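Notes follow the structure.
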Amino acid sequence: MLAWRIPKVHYRVPCKFFIAICAFRGVEVIMTKTKSDVKSIKKTWENNWFIYKFAFKISPIYVIMNIIFSVVQGTMMFVEHILLIKLILDCIQYKRPFIYAVYYIGAVFVLMALWILVYKSYDAFYKRKAQEKLFKEMNFRIYRKAMEIDISCYDNPEYYNDFVWAMSEASNRIDGVIRTVGWLTWQITTIFCSGLFVVTTNLTGLIFVAVSFTTSYYCNKKINKLSYERDVELRPIQRKRDYINRVFYLNDFAKEIRLSDIKNKLYNDYSDSNEDIKKVIKAKSRKITLLSFLNDYFFNTFILNGLYIVYIIYMTSIGAISSGDMAALFLSSRKLNSGLGGLTHVLPRFGQNSMYIDKLRKFLDYDIKIKSKVDAIQVPRETGTIDIKNVSFAYSENQPFILKDINITIKPNEKIAIVGQNGAGKTTLINLILRLYDVSGGQIKYNGFDIKDYDLKSYRQNFASAFQDYQIFAATIAQNIIMDNVEPDVQKIADAVKKGDFAEKLRCLKNGFETVLTREFDDNGIDLSGGETQKVALSRVFYKDSGIVILDEPSSALDPISEAHLNQSIIEVAKDKTVIFISHRLSTTRMADRIYFIDNGVIAEQGNHEQLMELNGKYAYMFNLQAEKYKDGQVAEAIG
Ligand SMILES: Nc1ncnc2c1ncn2[C@@H]1O[C@H](COP(=O)(O)OP(=O)(O)OP(=O)(O)O)[C@@H](O)[C@H]1O
Ligand SMILES: [Mg+2]
């Protein structure tokens, strides 16, 4: 038996030598690490720190408590699962009175009860509130950015994907970082307590630990990278599937999908997306499964639970350690194993968080192109002249020019009509005037200054506009008209709805302008007809005190009588306002001081109604065609 006993110094020397080689190899590996690896570690740190700093600023108590609770949790588990067992075994081994063991057990269980009570109270009363506060702050930050980013970002699918990602992942990632730090702290506490026990009892165990930890860490890193790549590939396909879901549940599409066979295309698209998703999952699954097996079985279970236990049994059999040490080492090595196993799962999570946070930061850090200059000037109170000079525009560099060499001067209080066929570029011109996009060539001036020189908010404040694709919000009629959350000015709203031809409908509503629009969130809400909705959008324009009114297809959903009322309102209300309106109904354009006929991005004809009729060109042709239709439909009086 003695021949088996190896003096401690004998096995410690080769062990130290082995550790030195590992350390040397480790340094070599680190030295040869590419710059991009270092960069990616830096980025991971920066991204996680970005969220952690944010959370600490908003809710420092939550962040600190998260750490404290994790330390206590790790320590409590060590005390309950290892220390208590060791103390009881010692009692038996050293023949201490039985009551000692009862005291130990009692003390640990009182501590456990206190701990669970405190933790559960914190969880129920504080943690959720703190989390909601963090989510709210982050979402408001995202909303503010979403409101400011260039509209052109919506046209860029790559950016739009990041945008959608930022919106949907922000809350998860805040929670992710805080939880990961909590887990890390817990694992470190577990490793520290059980590691200290192993080191003070038998140092060699650290070699098993080091090998298992390093291999498992890199394996998990690879698994996370593959999962992330899979998510990136899945995102656009899922977005397409989300769109199909929306089509089936949104009210907007309910009629069309019932009355047509478009559902067949949607079913088809859904099946295609499903196939694509299956392909993406299949492509990555084989590697992920293999790596997960290696990680969970070989690098953790086999090395630490298998080889290490064989080793300590061997050490016991040769008398190097006692049986008591063996029991305690067995338990603490399992703890260390779970702690390190946890660590190999937790550390790469910082990398995974980082990849998502990177997109969030990219979105938040996006450099807005259409913004006010530092020395921006305020728009004067008096309405000024809009001067569109040699303007050309393409939605992006590799797309064709939609507007070419446009020259229009709009003096204060003039009524300007812009007409032309679908896709001619009319709405695009309005987008440029409102500075939703910047011109590609030429210049738009307001009151003698380039519109880029003005403070953007004050410049846009100058306009009251109703878009072709106006939107109604799930809010009261008053809020939909004021477009704010302020106390309604009853008289002003009454005036606006009268001019918008919505007063009659409003009188029939029990709750008047406090009626909620759409029934999505309110059973007492109402759904308006297309024309009524347009009248609410027009009332908005009449409510706003601004010098310039822009109406893109204001009468597209109106019946001829309502259209006549609208024309009357525009003439009355906009006497002392500049009005720019786009209309396909040429009956509306007759009252304009000047009409611009846009054809394929250029001004083909301009003049007042009489001049253009006399010219007998495209405008006259369009007008006569519509006049014929009105006569056929016996509503010729609507044309006036
Ligand atoms: N965001 C966009 N990105 C790229 N192209 C666009 C975008 N918006 C519009 N277009 C293109 O610009 C052209 C002009 O569109 P615009 O909306 O200005 O036409 P319009 O004259 O208002 O037509 P309509 O009478 O149908 O409203 C169209 O060919 C359209 O496809
Ligand atoms: Mg349009």
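Observations on the model:
- The range 422-437, residues that are aliphatic (A, V, I, L, M) and either within 9 Å of ligand 2 (Cβ to nearest atom) or assigned to a loop (DSSP other than H, G, I, E, B) (or both): A424, I430, L434, L436
- Among the residues listed as S396, S440, S354, the single one being of a type in the set (G, A, S) and away from ligand 1 (no atom under 15 Å from the Cβ): S354
- Candidate set: the range 412-437, residues that are farther than 17 Å from I595 by Cβ, touching a residue at least 40 places away in the same chain (Cβ under 8 Å) and within 31 Å of the chain's Cα centre (by Cα); chosen: the one surrounded by the most Cβ atoms within 10 Å (Cβ to Cβ): L432
Yes or no, residue by residue, for (1) charged (D, E, K, R); (2) assigned to a helix (DSSP H, G or I); (3) out of contact with any strand residue (DSSP E or B) (no Cβ under 9 Å at 6 or more places or on another chain); (4) at pLDDT below 90:
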| position | (1), (2), (3), (4) |
| --- | --- |
| S465 | no, no, no, yes |
| N480 | no, yes, no, no |
| R519 | yes, no, no, yes |
| N524 | no, no, no, yes |
| V536 | no, yes, no, no |
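- Here R519 meets the list (1) within 16 Å of ligand 1 (Cβ to nearest atom); (2) open to solvent by 10 Å² or more (accessible area, probe 1.4 Å) almost entirely, failing just condition (1).
- Scan of the range 198-214 for residues that are open to solvent by 10 Å² or more (accessible area, probe 1.4 Å) and touching a Leu at 6+ places or on another chain (Cβ under 8 Å), ordered by number: V199, T201, F208, V209, F213
- Test result for R349, within 43 Å of the chain's Cα centre (by Cα), open to solvent by 60 Å² or more (accessible area, probe 1.4 Å), free of Cβ contacts under 8 Å to residues at least 60 places away in the same chain and assigned by TED's automatic domain parsing to the domain that holds L87: no
So that you can scan it fast, the table gives a plain yes or no per residue for (1) part of a helix (DSSP H, G or I); (2) farther than 22 Å from R349 by Cβ; (3) in the same structural domain as L84 (by TED's automatic domain parsing); (4) of a type in the set (S, T, Y):
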residue	(1), (2), (3), (4)
Y154	yes, yes, yes, yes
E158	yes, yes, yes, no
S171	yes, no, yes, yes
I178	yes, no, yes, no
I188	yes, no, yes, no
S194	yes, no, yes, yes
T215	yes, no, no, yes
Y218	yes, no, no, yes
L226	yes, no, no, no
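- Counting the residues of the range 304-325 that are over 22 Å from T189 (Cα atoms), in contact (Cβ under 8 Å) with a residue 12 or more places away in the chain and part of a helix (DSSP H, G or I) gives 8.
- The listed residues are L566, L551, L528, and the only one of them that is surrounded by 13 or more Cβ atoms within 10 Å (Cβ to Cβ), in the same structural domain as A417 (by TED's automatic domain parsing), more than 16 Å from ligand 1 (Cβ to nearest atom) and closer than 18 Å to F467 by Cα turns out to be L566.
- The set of residues from the range 339-388 being under 24 Å from R141 (Cβ atoms) and part of a loop (DSSP other than H, G, I, E, B) comprises D365, Y366, D367, I368, K369, I370, K371, S372, K373, V374, A376.
- In the range 438-452, the residue that is farthest from ligand 2 (Cβ to nearest atom) out of those that are more than 32 Å from the chain's Cα centre (by Cα) and over 17 Å from S372 (Cβ atoms) is G448.
- Positions within the range 453-478 being of a type outside the set (A, V, I, L, M, F, W, C) and more than 26 Å from the chain's Cα centre (by Cα), in sequence order: D453, Y454, D455, S458, Y459, R460, Q461, N462, S465, Q468, T476
- If the condition is being under 26 Å from P412 (Cβ atoms) and within 16 Å of ligand 1 (Cβ to nearest atom), then the range 569-584 contributes I580, F581, I582, S583.
- Residue within the range 394-402 that is within 34 Å of the chain's Cα centre (by Cα), within 16 Å of ligand 2 (Cβ to nearest atom) and among the aromatic types (F, W, Y) present: yes
- Residue pairs whose Cβ atoms lie under 7 Å apart, separated by 6 or more positions or on different chains, with the first residue in the range 394-411 and free of Cβ contacts under 8 Å to residues at least 40 places away in the same chain and in the same structural domain as T428 (by TED's automatic domain parsing) and the second part of a strand (DSSP E or B) and within 12 Å of ligand 1 (Cβ to nearest atom), are P400/A394.
- D162 being under 30 Å from S333 (Cβ atoms), surrounded by 15 or more Cβ atoms within 10 Å (Cβ to Cβ) and modelled with pLDDT under 85: no
- Verdict on W115 being more than 16 Å from ligand 1 (Cβ to nearest atom) and buried (at least 17 other Cβ atoms within 10 Å of the Cβ): no
- Hits in the range 222-240 (condition: closer than 16 Å to R286 by Cα and open to solvent by 70 Å² or more (accessible area, probe 1.4 Å)): K222, K225
The values are calculated or read from the model by the stated rules, or taken from the named source; none is laboratory data. Since the model is a prediction, treat every value here as computed from it, not as a measurement. Because the Cβ atoms are built from the backbone with ideal geometry, glycine has one as well, and the counts that use them run over all protein chains shown. Ligands, DNA and RNA are stripped out before the accessible areas are found, and what is left, the full protein with its side chains, is counted by its heavy atoms. Shrake-Rupley method; radii C 1.70, N 1.55, O 1.52, S 1.80 Å.
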